[in-house]
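Step one of this worksheet: look at the structure below.
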Amino acid sequence: MEIGVSNHPLFNLNPIEFLKLAKKLEVNRVEIKLDDLRFKNFLLNKGKLSNFNFKLSFHLPVVDVNLGTPHKDLRRSFEKILLNSIFLAKKVNAEIVVCH
């Protein structure tokens, strides 16, 4: 059975605090919502992430991201944000990437 927890913004936890909470809850999966930029920087430091043994899921940024905008320049910026997040997910071997 897969049991996980997500870093919901209302938790207001930094990455270490969130992962310690997940460990205390004895879950085997964490979903990282990439709207919180602290997690992007944390994930790039593989040494810190390797201290925890979780399966990773990523939720791509949704705050201020609008792929439906008629403005090409904005749409390209949003696409770049999402693509960079997907590349990050691949780099840290996330098993699931969620976007809606």
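Read-outs throughout are calculated quantities, based only on the coordinates presented, and are distinct from any laboratory measurement. Predicted model only: the values in this text are computed from it and were never measured. Cβ placement follows ideal geometry from the backbone for every residue including glycine, while neighbour counts extend to all protein chains displayed.
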*Can you pull the Rg over Rh of segment 4-98, Cα-only, Kirkwood?*
1.00
_Too-long pairs where the Cα-Cα distance tops 24 Å, listed order kept, from Lys55/Lys90; Lys20/Lys80; Lys48/Lys91; Lys33/Lys90; Lys33/Lys55_ = Lys20/Lys80
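So which GluC sites (Glu not before Pro) in segment 1-81 are both in a DSSP loop and have at most 13 other Cβ atoms within 10 Å of their Cβ? Mind dumping the intermediate values first?
Numbers: sites: Glu2, Glu17, Glu26, Glu31, Glu79; in loops: Glu2, Glu26.
Qualifying residues, ordered by number: Glu2, Glu26.
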*Mind putting a number on the dipole of the chain about its Cα centre? Charges go on the C-beta only, +1 for Lys and Arg and -1 for Asp and Glu, and I need it in Debye to the nearest 20.*
340 debye
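So if R0 is 41 Å, what FRET efficiency would Asn53 and Leu10 give, r being the distance between their Cβ atoms, rounded to the nearest 0.05? Walk me through the numbers before you get to the answer.
Working: r = 26 Å, r/R0 = 0.63.
With R0 = 41 Å, the Cβ-Cβ based efficiency is 0.95.
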*At Phe87 and His71, where each label point lies 7 Å from the Cα along Cα→Cβ, what is the point-to-point distance in nanometres?*
2.4 nm
_Phi to ³J(HN,Hα) by Karplus 6.51 cos²θ - 1.76 cosθ + 1.60 over segment 41-49, Hz, x for Gly, Pro_ = 5, 4, 5, 6, 9, 4, x, 5, 5
